[in-house]
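Everything on this sheet refers to the single structure shown next.
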Amino acid sequence: NACTLCPDGSPVPDEYRDKELTWLTEAFEGNTPTCQILEAVMSNDVAGAESCTSLQIISAACGCPALPDHCVYCPGETLQPEYYDTELPFVGSEELGITGTCEIYWYSQYQIQEHDIQCDQ
């Protein structure tokens with residue numbers, strides 16, 4: 001089976017297809033991909049592969065459904081846009097060329113189970 005951006009196999013919602021993912025610019029050799037482009041590129045990968053699941057964790061940034069009992073980092077809070085590009089080195093992946101940012105960290109909570117060790121960090 002092919003990898004899908006949304007872990008549940010649903011397509012990226014239309015209103016997110018043109019959203020630019022600036023934290024993937026390095027991985028795309030200087031070109032900033034959109035959710036639609038990322039979805040197309042990921043379809044060339046195999047479902048369950050590490051490269052597939054490592055990108056699915058940020059799928060909420062492209063409007064993919066959250067897990068039912070997902071992690072909540074800051075209850076009652078939202079990430080303010082002025083912090084989206086603040087770099088968090090422990091979040092990114094040098095191997096995949098992903099710059100770790102507050103935006104990636106924020107969106108990852110929606111694909112991590114509430115009681116997962118990653119949620120407790």
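Restrict the check to the stretch 18-36 and report whether at least one residue is of a type in the set (A, V, I, L, M, F, W, C), under 20 Å from S93 (Cβ atoms), crowded, with 17+ Cβ neighbours inside 10 Å and out of contact with any helix residue (DSSP H, G or I) (no Cβ under 9 Å at 6 or more places or on another chain).
Filtering the stretch 18-36 down to residues of a type in the set (A, V, I, L, M, F, W, C) leaves 21, 23-24, 27-28, 35.
Filter once more, so that each one left must be under 20 Å from S93 (Cβ atoms): 21, 23-24, 27-28, 35.
Filter once more, so that each one left must be crowded, with 17+ Cβ neighbours inside 10 Å: 21, 23-24, 27, 35.
Imposing the further condition that a residue be out of contact with any helix residue (DSSP H, G or I) (no Cβ under 9 Å at 6 or more places or on another chain) reduces the set to 27.
Within the stretch 18-36 (the criterion being of a type in the set (A, V, I, L, M, F, W, C), under 20 Å from S93 (Cβ atoms), crowded, with 17+ Cβ neighbours inside 10 Å and out of contact with any helix residue (DSSP H, G or I) (no Cβ under 9 Å at 6 or more places or on another chain)), the answer is yes, since at least one residue qualifies.
Of all residues in the stretch 74-115, those satisfying the criterion of being surrounded by 14 or more Cβ atoms within 10 Å (Cβ to Cβ) and either over 12 Å from W23 (Cα atoms) or in contact with a Lys or Arg (Cβ under 7 Å, 6 or more places away or on another chain) (or both) are L79, W106, Y107, S108, Q109, Y110, Q111, I112.
Could you name every one of the helices (runs of 4 or more DSSP H) located completely within the stretch 11-121 that has at least 1 residues being over 22 Å from N1 (Cβ atoms)?
Numbers: elements: 35-42, 50-56, 102-108.
Passing ranges, in order: 102-108.
Could you grab me the full set of residues in the stretch 37-66 that are under 13 Å from the mean Cα position of the chain (by Cα) and either open to solvent by 60 Å² or more (accessible area, probe 1.4 Å) or touching a residue at least 60 places away in the same chain (Cβ under 8 Å) (or both)? Spell out the reasoning first.
Here is the first cut: in the stretch 37-66, the ones under 13 Å from the mean Cα position of the chain (by Cα) are 38-39, 42, 51-66.
Residues satisfying the conditions are T53, P65.
When E95 is evaluated against the numbered criteria (1) farther than 18 Å from Y110 by Cβ; (2) modelled with pLDDT of 90 or more, which criterion, by number, is the only one it fails? (2) is the only condition that E95 fails. Quick check on N1: is it under 16 Å from S51 (Cβ atoms) and open to solvent by 40 Å² or more (accessible area, probe 1.4 Å)? Here the answer is yes, as N1 does meet what is asked.
The values are calculated or read from the model by the stated rules, or taken from the named source; none is laboratory data. Remember, it's a predicted structure, so these values are computed and weren't measured experimentally. Glycine gets a Cβ as well: all are built from the backbone with ideal geometry, and neighbour counts include every protein chain shown. Accessible surface is based on the protein model in full, side chains and every heavy atom, while ligands, DNA and RNA are left aside. Shrake-Rupley method; radii C 1.70, N 1.55, O 1.52, S 1.80 Å.
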